[in-house]
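The structure appears below as structure tokens.
The values are calculated or read from the model by the stated rules, or taken from the named source; none is laboratory data. All figures in this text were calculated on a predicted structure; none of them were measured in a lab. In this analysis, Cβ positions are derived from the backbone assuming ideal geometry, glycine residues included, and neighbour counts consider all displayed protein chains.
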């Protein structure tokens with residue numbers, strides 16, 4: 001049993017927040033409470049110990065769940081996707097030493113706010129073709145969004161290192177993925193397949209990974225667009241030759257841009273001429 | 001851990017595989033996937049119910065495993081625990097992001113989130129784990145047990161648990177804590 005005797009340099013006892021160890025271990029806190037609790041953990045070795053034990057206990061609840069064999073299609077999809085998914089660079093020296101630090105959100109990762117922002121549709125007052133009801137695909141994108149800036153629950157989830165020595169080269173998808181503020185969101189294409197947008201506001205760059213998109217006849221091409229309000233800029237055309245395509249978008253990403261993909265005549269268009277097959281909103 | 005398991009006859013551990021995955025070894029990743037995906041999917045589906053959504057989240061988890069294997073530190077725990085914790089976290093994220101599924105789940109009610117020990121598993125280890133956890137949960141008070149299972153297997157926040165069980169939020173917080181402490185002691189967890 002842990003007793004918070006608040007000795008040996010521990011912070012003052014805070015009975016209210018200290019009762020959150022169970023909820024924290026079960027992943028049942030909201031964002032603000034989790035942060036407050038983590039800050040508290042840093043001050044209190046006893047509470048830290050208790051929380052680590054309860055987190056391990058929660059894992060046993062997970063191990064007690066009956067396994068389910070995934071479909072062969074999922075295996076094929078996952079193994080295919082890793083072929084186009086770069087890995088984060090290793091950390092040269094671990095600079096985190098305790099649970100609280102490891103779990104704190106990275107100061108440079110604006111993760112806490114992104115989920116809510118991404119769920120917000122573009123104001124209807126600024127509607128164009130890509131924003132009309134029925135064309136708005138952003139909800140679907142948000143539903144499958146997964147945010148790397150988010151802080152994991154286990155001790156293992158270290159915050160994005162600001163010391164990351166990633167090469168910063170425009171046009172390099174690796175640089176985008178290794179950026180400390182990288183985020184991503186994904187959505188299905190209305191014509192089949194799935195697109196994932198990775199972006200870094202720091203680098204002002206984004207890349208799409210498209211899997212399983214329908215091949216187009218020779219007179220057509222996919223085209224990428226940066227969309228900000230009524231401002232639509234081409235971000236280049238994209239050839240889909242195989243099952244998986246990774247492409248860095250041309251031009252600069254502005255924070256909050258929506259990235260759309262349309263089908264255009266070969267060579268691309270100056271402005272979109274068709275309804276987008278997918279829209280992905282950055283934040 | 002010294003030998004990444006490349007040339008031995010014994011199956012490599014998840015930790016050894018993860019070490020190779022961190023070097024970009026896709027074969028090791030495939031092996032790791034085969035070894036762990038059923039557990040990951042099983043846990044995710046426990047929270048999400050919907051099979052195709054659960055596979056989607058499973059895919060996200062494995063992509064995250066691939067991307068972040070370089071950051072795994074085996075001094076801080078096992079590879080399976082790392083992956084299962086990530087799976088739970090992502091399943092909870094998905095549950096919370098999806099209001100419609102929340103509404104549906106709330107309608108289904110509490111019973112569905114209680115652990116289901118009737119399903120027969122052929123895997124002895126998991127069965128033993130089932131029984132151990134079942135016994136330990138049986139030692140909790142009714143309120144502790146409901147709160148813990150709703151939070152962990154339902155992905156509900158403590159305030160949602162408070163609404164569902166019609167008890168004050170402060171009570172839920174303390175029941176989650178003393179319930180988990182009881183479980184810890186019953187299951188003999190110490191770190």
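Out of B:41, B:32, B:18, one residue alone is over 15 Å from residue A:74 (Cα atoms) and either assigned by TED's automatic domain parsing to the domain that holds residue B:153 or buried (at least 20 other Cβ atoms within 10 Å of the Cβ) (or both). It is B:18. Does residue A:190 fit the bill of being in the same structural domain as residue A:267 (by TED's automatic domain parsing), surrounded by fewer than 18 Cβ atoms within 10 Å (Cβ to Cβ), out of contact with any strand residue (DSSP E or B) (no Cβ under 9 Å at 6 or more places or on another chain) and part of a loop (DSSP other than H, G, I, E, B)? Taking the combined requirement at face value, the residue does not satisfy it. Residue count for the stretch B:179-191, restricted to those that are more than 7 Å from chain A (Cβ to nearest Cβ) and surrounded by fewer than 17 Cβ atoms within 10 Å (Cβ to Cβ): 2. Restricting attention to the stretch B:153-178 and to residues that are more than 8 Å from chain A (Cβ to nearest Cβ) and assigned to a loop (DSSP other than H, G, I, E, B), the residue that is surrounded by the most Cβ atoms within 10 Å (Cβ to Cβ) turns out to be B:167. If you go through the stretch A:16-35 and keep only what is part of a helix (DSSP H, G or I) and either over 27 Å from the mean Cα position of the chain (by Cα) or within 13 Å of chain B (Cβ to nearest Cβ) (or both), you end up with A:16, A:17, A:18, A:21, A:22, A:23, A:24, A:25, A:31, A:32, A:33, A:34.
All of (1) outside any loop (DSSP other than H, G, I, E, B); (2) touching a helix residue (DSSP H, G or I) at 6+ places or on another chain (Cβ under 8 Å); (3) buried (at least 21 other Cβ atoms within 10 Å of the Cβ) hold for residue A:246 with one exception: (3).
Is there a residue being touching a residue at least 60 places away in the same chain (Cβ under 8 Å), more than 7 Å from every other protein chain (Cβ to nearest Cβ) and buried (at least 16 other Cβ atoms within 10 Å of the Cβ) anywhere in the stretch A:67-87? Yes, there is a match, as at least one residue in the stretch A:67-87 is touching a residue at least 60 places away in the same chain (Cβ under 8 Å), more than 7 Å from every other protein chain (Cβ to nearest Cβ) and buried (at least 16 other Cβ atoms within 10 Å of the Cβ). Scanning the stretch A:57-72 for residues being assigned to a helix (DSSP H, G or I) and in contact with a helix residue (DSSP H, G or I) (Cβ under 8 Å, 6 or more places away or on another chain) gives a total of 7.
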